[in-house]
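Input: a single structure, listed below in structure tokens.
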Amino acid sequence: MRKIEHLGIAVKDLGKSNELFSRLFGQEAYKVEKVEGEAVVTSFFQIGDVKIELLEAASEDSAIAKFIDKRSEGIHHVAFAVDDIYAEMDRLKKEGFELLNDIPKRGADHKLVVFLHPRSTNGVLVELCQDMGGGSSIK
Ligand SMILES: CC[C@@H](C(=O)O)C(=O)SCCNC(=O)CCNC(=O)[C@H](O)C(C)(C)COP(=O)(O)OP(=O)(O)OC[C@H]1O[C@@H](n2cnc3c(N)ncnc32)[C@H](O)[C@@H]1OP(=O)(O)O
Ligand SMILES: [Co+2]
């Protein structure tokens, strides 16, 4: 794993949270993107080398809706950048970690993503993400 790529924060209302975090960071989100496969709408802020990903549920059965129901808003996952997601998946499986998907999924911001179950990582939902190219999304 190379570095923390982003921190995911579950929010109830993306519009209100974009406004709040824009005031906190002194800058606007550089993109808003819906990811149908995950039933979320996301927005991204770039803070130095790390991104903050805000996530609002796009449906009641979204992982974000369940998380907010159980725990309320807050830090939802930590995402790590990897160069070869398949090699990293193999390595982590051999190390005994529980992968939540066997095939990488399309994530936001030009990424392929895989999640590790928080019960195998001391209660932290871990995301691996590999850049698929397509250039920087930062305007
Ligand atoms: C935008 C795309 C992508 C990107 O490009 O960045 C994203 O970030 S998508 C983010 C949203 N998608 C996901 O989170 C997918 C992976 N998550 C899952 O598959 C599920 O959320 C889960 C982790 C398997 C939990 O689902 P489920 O078992 O159905 O939910 P429960 O509510 O029953 O929870 C079971 C258990 O797990 C604890 N939990 C749930 N979410 C988290 C979390 N984010 N961090 C830590 N722990 C979490 C939950 O509290 C339950 O624990 P117990 O109560 O102790 O059993
Ligand atoms: Co994420």
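The values are calculated or read from the model by the stated rules, or taken from the named source; none is laboratory data. Just so it is clear, the model here is predicted, and its values are computed rather than measured. Note that each Cβ is placed from the backbone with ideal geometry, even for glycine, and that neighbours are counted across all protein chains shown.
What the table shows:
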{"item": "Test: residue in the range 5-23 that is surrounded by 15 or more Cβ atoms within 10 Å (Cβ to Cβ) and touching a Cys at 6+ places or on another chain (Cβ under 6 Å)", "result": "yes"}
{"item": "Breaking point among (1) at pLDDT 95 or above; (2) within 13 Å of ligand 2 (Cβ to nearest atom); (3) touching a Phe, Trp or Tyr at 6+ places or on another chain (Cβ under 9 Å), for THR121", "result": "(2)"}
{"item": "Hits in the range 71-110 - residues which are basic (Lys, Arg) and either under 29 Å from LEU20 (Cβ atoms) or near ligand 1 (Cβ under 10 Å from one of its atoms) (or both)", "result": "ARG71, LYS105, ARG106"}
{"item": "Members of the range 34-51 that are farther than 18 Å from PHE115 by Cβ, surrounded by fewer than 18 Cβ atoms within 10 Å (Cβ to Cβ) and either hydroxyl-bearing (Ser, Thr, Tyr) or within 11 Å of ligand 1 (Cβ to nearest atom) (or both)", "result": "LYS34"}
